[in-house]
Amino acid sequence: MKRFTSLEERIDHAAHRVLDRMPASGLSGAFVEFVVFGLKQAWACLFGGIMLFLILSTRMTWPDDAWLARYDFVFLCALAVQAAMLIFKLETLEEAKAIFLFHLVGTGMELFKTAAGSWAYPEDAFFRIGAVPLFSGFMYASVGSYLARVARIFDFRFTAYPPFWTPLVIAIAIYVNFFSHHFVVDMRYVILAVTAILFARTWVHYRVFRFRHRMPLLLGWFLVAVFIWFAENIATWSHAWLYPSQQGGWTPVSWSKLGAWYLLMIVSFVLVTLVNRPKDLDR
């Protein structure tokens with residue numbers, strides 16, 4: 001798969017014309033790598049950032065007597081953004097496939113979790129399935145979009161990546177546990193332990209600008225989970241959804257949710273690898 005879309009190639013060439021003139025070593029070289037890293041991360045977060053902006057801005061500005069429900073407006077905007085990203089080459093077809101998988105997986109979990117009372121959507125919506133407004137699927141798609149885009153933009157390569165079927169089994173176990181822990185023993189800590197053992201030696205190697213860097217894959221998942229936890233606090237403050245503890249007034253999302261997001265990060269990563277298989281460093 002190509003590392004950049006046609007639009008991204010034009011942006012990359014323009015950036016090279018400026019950045020190639022800057023020193024490659026010392027503090028200046030490190031500063032260039034740092035700035036490019038931040039810009040690429042922001043680009044990878046494009047869809048998620050737009051979704052978060054829509055949720056936050058409509059919370060502050062949406063009129064109570066509007067003929068269109070706020071959730072429906074966000075849903076229609078998300079559809080338009082998704083279409084625009086494909087039309088204007090901001091996203092590849094492979095990434096769109098991964099995002100579609102996230103819609104299916106996320107909506108299935110939403111239907112069960114809202115019925116179980118794990119969280120709720122406090123506002124009305126026309127575009128919904130049961131108690132789940134359809135914009136919620138795009139929240140999961142935001143995670144999928146980020147993971148698919150960041151892997152492509154940074155040209156992820158891996159060392160000591162386990163056999164492909166093993167992460168798939170773990171992802172299935174995590175997803176099943178999201179449902180089954182309501183009825184039987186919660187296995188999340190066992191799954192976390194198995195995951196830590198399986199990926200203890202796995203490193204992700206990524207290219208920022210001039211150089212390749214590396215990071216333990218487990219650490220990378222954790223950092224993304226922390227970022228999502230912060231975004232979740234913004235979303236719940238904006239009444240995108242509410243946990244039971246927030247029904248009487250908003251409070252920060254519990255740190256315990258960080259573990260759930262870490263597990264979801266593993267499921268998300270595996271879903272992306274179904275579309276784009278992990279590549280070894282020497283390939």
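Nothing in this text is a laboratory measurement; each read-out follows from the coordinates by a stated rule. Nothing here was measured: the structure is a model prediction, and the numbers come from that model. As a convention, Cβ positions derive from the backbone with ideal geometry for all residues, glycine included, and neighbour counts pool all protein chains shown.
So the values come out like this:
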{"item": "Calculated Cα extents along the principal axes in Å (choose from [x] 55, 45, 33; [y] 64, 42, 34; [z] 53, 43, 40), label", "result": "[x]"}
{"item": "Cβ crowding within 10 Å averaged over residues, with 68-77, 265-274 ranked highest first", "result": "265-274, 68-77"}
{"item": "Residue pairs, from the table Lys89/Lys257; Lys40/Lys97; Lys40/Lys279; Lys89/Lys113, whose Cα atoms sit over 32 Å apart", "result": "Lys89/Lys257; Lys89/Lys113"}
{"item": "At R0 = 35 Å, FRET efficiency that the Cβ-Cβ distance of Ser245 and Tyr189 yields, to 0.05", "result": "0.95"}
{"item": "Computed [θ] at 222 nm, helices only, for the chain once each DSSP H run of length n ≥ 4 contributes -39500 (n - 2.57)", "result": "-21000 deg cm²/dmol"}
{"item": "Region 114-185, Cα convex hull volume normalised per residue, Å³", "result": "135 Å³"}
{"item": "Three-way shape call for region 146-283 based on the alpha-carbon gyration tensor, with the a/c threshold at 1.5", "result": "oblate"}
{"item": "Cβ crowding within 10 Å averaged over residues, with 40-52, 249-261, 146-158 ranked highest first", "result": "146-158, 40-52, 249-261"}
{"item": "Placed amide H near Arg128: partners under 5 Å, 5+ positions off or other chain", "result": "Leu134"}
{"item": "Distance (nanometres) between label positions extended 7 Å along Cα→Cβ at Leu86 and Ala30", "result": "4.4 nm"}
{"item": "Label-to-label distance, nm, for residues given as Phe4 and Ala66 (7 Å Cα→Cβ offset)", "result": "3.7 nm"}
{"item": "Nearest-ten-degree value, helix 6-19 long axis tilted from longest Cα axis of the chain", "result": "50 degrees"}
